[in-house]
Amino acid sequence: MDIVSFFETLAGKWFSQRTTHNLADQSSQAGQSNLLIEFLPATDSDLAQACAPLGYDPSQIACGLRVNQDSELEGKTQKIQSSALMVIMAPAPSGEGVLVQAAASSPTLQGTYRVDDEVLTIVTPTETGQIEERLWFANPSLRMRTSVVKVGDIEQVASFCSEIRMGAPKPAT
């Protein structure tokens, strides 16, 4: 599956159940989110605008996503709402590409992506380490997502999400 087709399958409304484990203090926290993911074509002006500060050529954009998230965490009374833009740059011949993540409340992040055997892997460097996320589909309406946050070479936080599509999947074009 090519990268644009893979990202098109992510579009839709999703309900996410998440468990996060802090490995340092052996604590866990559950949460749930409603995700609204909009697929954006390479020509969307918001994608070019998000890449401009990093100096990327807009003609190299493959596609993008706008992700709106409404979350609740176990033990917290306040909901968390966020919106982010993901810009997927055209992959190199090796299949690896650059992914830019822009959100109003955070600095713009730049990482790499790769799809192998229909599993998307995103690696995003941070100031202190990296975040590695994997996403795959069990079927068109059920996807799984894992992430590991490393500080240096030490894994600090691990999470698992199961996400259910709310409504029928968008027909293939």
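Bear in mind that the values in this text are calculations on the coordinates, not laboratory data. It should be emphasised that the depicted structure is a prediction, and the values quoted were computed from it without experimental measurement. We place every Cβ from the backbone using ideal geometry, glycine too, and count neighbours over all the protein chains shown.
Filter the stretch 119-169 down to residues that are hydrophobic (A, V, I, L, M, F, W, C) and not in a strand (DSSP E or B) and give me whichever is surrounded by the most Cβ atoms within 10 Å (Cβ to Cβ).
Among them, the one singled out is 166.
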Just give me the residues in the stretch 17-42 being without any contact (Cβ under 8 Å) to a residue 24 or more places away in the chain and more than 30 Å from residue 3 (Cα to Cα), in sequence order. 25, 26, 27, 28
Could you go through the stretch 72-80 and let me know if any residue there is within 19 Å of residue 164 (Cα to Cα), out of contact with any Leu (no Cβ under 6 Å at 6 or more places or on another chain) and of a type outside the set (Ser, Thr, Tyr). yes
Odd one out for residue 134, checked against (1) over 12 Å from the mean Cα position of the chain (by Cα); (2) basic (Lys, Arg); (3) closer than 23 Å to residue 63 by Cα: (1)
If you scan the stretch 5-58, which residues turn out to be farther than 27 Å from residue 78 by Cβ, within 16 Å of the chain's Cα centre (by Cα) and among the small types (Gly, Ala, Ser)? 5, 11, 50
Can you give me the number of residues within the stretch 150-169 that are closer than 11 Å to residue 16 by Cβ and of a type in the set (Val, Ile, Thr)? 1
Inside the stretch 134-160, can you point out the residues that are touching a Leu at 6+ places or on another chain (Cβ under 8 Å) and charged (D, E, K, R)? 134, 143, 145, 155
When the stretch 59-93 is examined, which residues are found to be touching a residue at least 12 places away in the same chain (Cβ under 8 Å), over 17 Å from the mean Cα position of the chain (by Cα) and over 25 Å from residue 45 (Cα atoms)? 72, 73, 74, 75
